[in-house]
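Here's the structure, in structure tokens; my notes come after.
Each reported figure results from applying straightforward, stated rules to the coordinates on display, with no laboratory input. Note that the structure is predicted; figures quoted are calculated from it, not measured. Ideal geometry is used to build each Cβ from the backbone, glycine not excepted, and the neighbour counts take in all protein chains shown.
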Amino acid sequence: MAPAQGQFSDHSDSADSKDKDAAEDPPVPAAFRSAVDALRSARLRPELEVETTRPPQRLAPHAYALEAAVVDGEDDLADGRLVLLHDPAGHDAWQGAFRLVTLVRAELEPEMAADPLLPEVCWSWLTGALDARGLSYGEAGGTVTRAGSHYFGALSARRPATQIEIRASWTPREGRGGVPDAAAHLMAWGDLLCQIAGLPPSDPTDAAVVSLPQRRGPQVS
């Protein structure tokens with residue numbers, strides 16, 4: 001994956017927002033800037049390749065998104081997307097001013113795919129990754145979807161495949177200055193990606209980590 005080229009995103013719901021003078025755009029809150037800076041400074045396992053991507057435009061006044069893949073040689077074992085949302089006014093459904101939203105997916109080995117408790121296990125991987133790093137969070141919710149593919153005709157030589165997909169969101173508890181520990185949440189999310197990819201767990205204090213690529217100064221749009 002290419003080096004990250006991050007950007008702040010402050011999107012308006014107005015159809016003609018692109019024609020407005022940039023000075024009319026709302027300022028980027030300091031708490032959001034701090035949370036994004038923390039994401040950029042997070043140290044992740046070396047199997048993870050991470051880059052920024054365009055965030056959704058209408059979920060919150062401010063958003064920042066990352067996508068990642070767990071790579072082994074030329075194979076992507078799992079991939080996912082993590083979005084940090086921020087509404088300075090707070091959000092009743094979130095019970096806070098920040099929200100993390102994720103999609104994680106991977107292809108499973110047949111033995112694991114056949115486990116009837118697989119959805120519960122995958123959800124426990126998410127909550128367990130957050131708990132293992134001592135993170136405080138609330139309003140967690142999501143879905144775990146298992147989809148199977150069987151091949152026929154010209155594709156009949158392929159063996160059946162099963163993909164697991166986790167869609168989830170949770171509210172990171174805010175600390176000093178109303179800023180959540182975004183870096184630790186990102187590291188926990190990386191732990192989840194590696195676990196669903198089938199990699200052995202690593203000690204959260206393991207020094208064999210790499211940093212997210214740094215971007216060249218903030219951009220506000």
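Shown is the FRET efficiency for Leu59 and Ser149, computed with R0 = 35 Å from the Cβ-Cβ distance and rounded to the nearest 0.05: 0.70. Inter-label distance, Glu107 to Arg43: 3.4 nm, where each label sits 7 Å from its Cα along the C-beta direction. Taken about its Cα centre, segment 147-192 carries a charge dipole of roughly 200 debye when the Cβ of each Lys and Arg holds +1 and the Cβ of each Asp and Glu holds -1.
First measure r as the distance between the Cβ atoms of Ala157 and Asp72, then evaluate 1/(1 + (r/R0)^6) with R0 = 22 Å and state the FRET efficiency to the nearest 0.05. Rounded to the nearest 0.05, the efficiency is 0.40. When peptides 92-101, 138-147 are sorted by average Cβ neighbour count within 10 Å, with the highest value leading, the order is 92-101, 138-147. Using only side-chain charges placed at the Cβ, +1 for Lys and Arg and -1 for Asp and Glu, the dipole size of segment 90-211 relative to its Cα centre rounds to 340 debye.
Distances between every pair of Cα atoms in segment 106-202, grouped in 5 Å steps from 0 to the bin holding the largest one, split as 3, 11, 21, 20, 15, 11, 8, 5, 3, 2, 1, 0, 0 percent. Spin-label model, Glu139/Leu117: points 7 Å from Cα along the beta carbon direction are separated by 3.2 nm. Most tightly packed first, judged by the mean number of other beta-carbon atoms within 10 Å of their residues, the peptides 56-62, 82-88 read 82-88, 56-62.
Ranking Gly90, Gln57, Met112 by Cα position along the charge dipole of segment 57-113, where only Lys, Arg, Asp and Glu carry charges on their C-beta atoms, puts Gly90 farthest toward the positive end.
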